[in-house]
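Novice: The structure under discussion is supplied below as C-alpha cells; questions concerning it will follow.
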Amino acid sequence: MISYIRGYYIITVEGIGIERFLNHLIKNNIRVYNVKRVSNSKIELNIEKRDMRDFKRAYRGSNFDVKVKQKTGIPFILKRIYKLKGMWICALVSLTLLMLTSQFITDIYIQVPEGIKKEAIRKELYNAGLKPGVYKKNIDRKEIRDHIMLKFDEAAYVSINVKGTNIFATVTKKAETLKSTEQSNYCNIIAEKNGIIERVMPRSGNQIVNVGKIVQKGEVLVSGANTKSVPEVWASTFYEVSKSANYEDIIKRKTGEKKRVYTMSFYGNKHTLRRNIKYKDYTIDNKEYKLSLGNYTFPLRINISTFNEVKDVKIKKDKEKLKRELSEKSLKKLEYIMPVSARVVNVEHDYKVNKNMLEYIVTVQTSENIAQVDHLSKAEAQQLINEQNTPKEGEEAIPQNPSKRPINDIRNEFENNKNDTDKKK
C-alpha cells in the first residue's frame with residue numbers, strides 16, 4: 001500500500017550475470033523487491049519511483065537489456081490526470097454544479113391522516129413558499145408550520161424534514177374528543193330496521209308493540225327499560241339485492257398502432273415534444289424516469305406517454321352463465337349486509353330481462369333481534385318516571401301511607417277474612 005502511494009516501476013532485466021547486477025544494486029542502496037525469474041537470463045523486479053535516478057546511474061555502462069514494463073501508483077495517475085486537462089476541468093465543473101443543485105429542493109413528499117386532503121396541504125405549502133426549486137437555507141419551517149395550522153383547524157402539528165434535495169412534510173391530526181352526556185340507567189328500545197314483530201321479551205320496561213305488527217326503523221318498541229336488563233324484540237326482516245349486467249360486453253382492443261409523446265420536466269417547468277395523434281379512440285400508458293443518487297434527486301425528469309389506438313369489440317355472453325355469476329355476486333353481497341345473528345328463513349331468486357340487460361334479484365327473509373338501545377338522560381328518565389306514577393283519568397293514585405290504602409288492598413282483604421273467622425267462632 002505504501003509503495004502504491006509513493007509509486008513504483010515494474011522493470012524487466014535481461015542478460016548474462018543478472019545475480020551480479022542485483023548485488024550491485026543492493027550495494028548502492030537501491031531498494032529492490034518482488035524479484036521474479038522469468039527465464040534463465042531474464043528477471044522481473046519492482047523499484048520505487050524515488051530510487052529510479054540511482055538505478056539509471058547504476059545501469060549505465062552495463063550490457064543488460066532493461067525495459068520498464070509498467071508504472072504503478074498515485075503519482076503516475078495524478079500525472080496522467082494533469083495531462084488530460086479537459087477531463088479534470090469537466091469533473092471540477094460537474095462537481096460544482098452538483099454541489100449547487102444539491103442546495104435546491106426537487107421533491108416534496110406529504111403524509112396526511114384521514115380527513116385531511118393532501119392536495120389542499122400541497123397547495124398551501126406552495127403558497128407559503130415551499131415548492132421545487134426553492135433554496136434550502138431560505139426555508140422558514142416555523143413560518144410554514146404556523147401558516148398550515150392556521151389554515152387547517154384539524155392539524156395539531158406539522159413536521160418538515162429536509163433530507164438531501166427532498167422535503168418530507170407530515171401532518172398530525174388533533175385527537176377527536178367525545179361529547180360527554182350525563183346518562184341514566186333508563187333507555188328506550190327502538191327498532192334498528194323495518195320488520196314484522198315475531199315475539200317480544202321485555203325483561204324490563206313497558207312493551208308497546210305486539211306480535212304481528214309492522215314496525216319502521218326508529219319506532220319505539222319498549223319504553224322505560226333498564227340498561228342492565230335489555231329486552232329482546234325478534235322480527236321478520238327482508239333483505240333484497242339486485243345485480244344487473246349486459247348480454248354484450250364492449251371491450252377496447254389494441255390495434256397495434258401507437259405513438260409516443262415525450263415530456264421533460266426541470267424544476268417544475270415542463271416541455272413537451274408534441275405529436276399529431278389522429279386516433280379516434282386510444283389508451284394512454286405513462287412512464288416516468290428520474291435519476292437519483294442516494295438522497296439526492298436530479299431535477300430533470302422524463303415522462304413518456306404512449307398512445308395506443310384501440311377499437312370497440314362486442315362480445316356476447318351466455319345467459320345462464322351470466323345468471324349464475326349475478327347470483328353468486330348477489331349472495332356474496334348479502335353476506336356482508338346481513339348480521340351474523342340473523343337466522344335465514346327463506347331465500348327467493350328472480351330475474352328480469354330488459355332489452356340487452358339482465359337484472360337478477362335475490363330476496364332473503366330472516367329472523368333477527370332488531371332491538372336497539374336509545375339511552376335516556378337523567379332528565380328524560382325522571383320525566384318518564386313521573387308519567388308512569390301519574391294516574392290516568394278515572395283512576396286513583398295509591399297513597400304512600402299504608403294506613404290509607406284502598407279497601408281492595410291485599411293487606412285489607414287479609415284483615416277482613418281474619419275478622420269474619422273470629423265472629424264465627
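The values are calculated or read from the model by the stated rules, or taken from the named source; none is laboratory data. Computed from a predicted model, the values in this text were never measured in an experiment. All Cβ positions, even for glycine, are placed from backbone atoms using ideal geometry, and neighbour counts span all protein chains on display.
Novice: Determine which single condition Lys321 fails, assuming it passes every other condition in (1) of a type outside the set (Phe, Trp, Tyr); (2) touching a residue at least 60 places away in the same chain (Cβ under 8 Å); (3) under 30 Å from Gln365 (Cα atoms).
Specialist: That leaves (2) as the condition not met.
Novice: Read through the list (1) in the same structural domain as Ile18 (by TED's automatic domain parsing); (2) surrounded by fewer than 15 Cβ atoms within 10 Å (Cβ to Cβ); (3) closer than 30 Å to Ile5 by Cα, then give the number of the only condition that Gly61 fails.
Specialist: The single condition Gly61 does not satisfy is (3).
Novice: A follow-up question, please. Quick test for you: out of Asn185, Asn161, Asn206, pick the one residue that is modelled with pLDDT under 90 and closer than 30 Å to Val112 by Cβ. Write out each step before concluding.
Specialist: On the way: Asn185 fails: closer than 30 Å to Val112 by Cβ; Asn206 fails: closer than 30 Å to Val112 by Cβ.
One residue alone meets the criteria, Asn161.
Novice: Just give me the residues in segment 35-64 being touching a helix residue (DSSP H, G or I) at 6+ places or on another chain (Cβ under 9 Å), in a strand (DSSP E or B) and over 20 Å from Phe76 (Cα atoms), in sequence order.
Specialist: Val35, Arg37, Lys42, Ile43
Novice: Which one is farthest from Leu273 (Cα to Cα) among residues in segment 286-316 that are in contact (Cβ under 8 Å) with a residue 60 or more places away in the chain and surrounded by fewer than 14 Cβ atoms within 10 Å (Cβ to Cβ)?
Specialist: Of the residues in segment 286-316, the ones in contact (Cβ under 8 Å) with a residue 60 or more places away in the chain are 294-299, 312-316.
With the extra rule that they be surrounded by fewer than 14 Cβ atoms within 10 Å (Cβ to Cβ), the set shrinks to 294-295, 312-316.
Details: Gly294: 30, Asn295: 30, Asp312: 29, Val313: 32, Lys314: 35, Ile315: 38, Lys316: 41 Å.
Among residues in segment 286-316 that are in contact (Cβ under 8 Å) with a residue 60 or more places away in the chain and surrounded by fewer than 14 Cβ atoms within 10 Å (Cβ to Cβ), the one farthest from Leu273 (Cα to Cα) is Lys316.
This table checks each residue for (1) touching a strand residue (DSSP E or B) at 6+ places or on another chain (Cβ under 6 Å); (2) among the small types (Gly, Ala, Ser); (3) over 14 Å from Lys243 (Cα atoms).
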{"site": "Tyr351", "(1), (2), (3)": "yes, no, no"}
{"site": "Thr366", "(1), (2), (3)": "yes, no, yes"}
{"site": "Ala371", "(1), (2), (3)": "yes, yes, yes"}
{"site": "Leu376", "(1), (2), (3)": "yes, no, yes"}
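Novice: Just a yes or no: is a residue in segment 168-188 within 30 Å of Leu291 (Cβ to Cβ), surrounded by 16 or more Cβ atoms within 10 Å (Cβ to Cβ) and among the β-branched types (Val, Ile, Thr)? Even if it seems obvious, please write down each step before you answer.
Specialist: Restricting attention to segment 168-188, the residues satisfying the condition of being within 30 Å of Leu291 (Cβ to Cβ) are 168-171.
From the residues that got through so far, the ones that are surrounded by 16 or more Cβ atoms within 10 Å (Cβ to Cβ) too are 169, 171.
Now restrict to residues that are among the β-branched types (Val, Ile, Thr): 171.
Taking every residue of segment 168-188 in turn, at least one turns out to be within 30 Å of Leu291 (Cβ to Cβ), surrounded by 16 or more Cβ atoms within 10 Å (Cβ to Cβ) and among the β-branched types (Val, Ile, Thr).
Novice: Given the conditions (1) in contact with a strand residue (DSSP E or B) (Cβ under 8 Å, 6 or more places away or on another chain); (2) more than 30 Å from Val158 (Cα to Cα), report the number of the one that Val112 does not fulfil.
Specialist: Here Val112 meets the rest and fails (2).
Residues are listed down the side, and each one gets a yes or a no for (1) free of Cβ contacts under 8 Å to residues at least 24 places away in the same chain; (2) outside any helix (DSSP H, G or I); (3) within 30 Å of Val32 (Cβ to Cβ); (4) of a type in the set (A, V, I, L, M, F, W, C):
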{"position": "Leu78", "(1), (2), (3), (4)": "yes, no, yes, yes"}
{"position": "Ile89", "(1), (2), (3), (4)": "yes, no, no, yes"}
{"position": "Val93", "(1), (2), (3), (4)": "yes, no, no, yes"}
{"position": "Thr96", "(1), (2), (3), (4)": "yes, no, no, no"}
{"position": "Ile121", "(1), (2), (3), (4)": "no, no, no, yes"}
{"position": "Asp146", "(1), (2), (3), (4)": "yes, no, no, no"}
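Novice: Answer yes or no: is there a residue in segment 341-352 that is within 35 Å of the chain's Cα centre (by Cα) and outside any strand (DSSP E or B). Give the steps one after another, and end with the answer.
Specialist: Of all residues in segment 341-352, those within 35 Å of the chain's Cα centre (by Cα) come to 341-342.
Now restrict to residues that are outside any strand (DSSP E or B): 341-342.
The answer is yes, given that some residue of segment 341-352 is within 35 Å of the chain's Cα centre (by Cα) and outside any strand (DSSP E or B).
Novice: Just a yes or no: is a residue in segment 239-246 under 30 Å from Ile208 (Cα atoms) and either among the hydrophobic types (A, V, I, L, M, F, W, C) or modelled with pLDDT of 85 or more (or both)? Spell out how you get there, then give the answer.
Specialist: Going through segment 239-246, the residues under 30 Å from Ile208 (Cα atoms) turn out to be 239-240.
Then drop every residue that is not either among the hydrophobic types (A, V, I, L, M, F, W, C) or modelled with pLDDT of 85 or more (or both), which leaves 239-240.
Yes: one or more hits.
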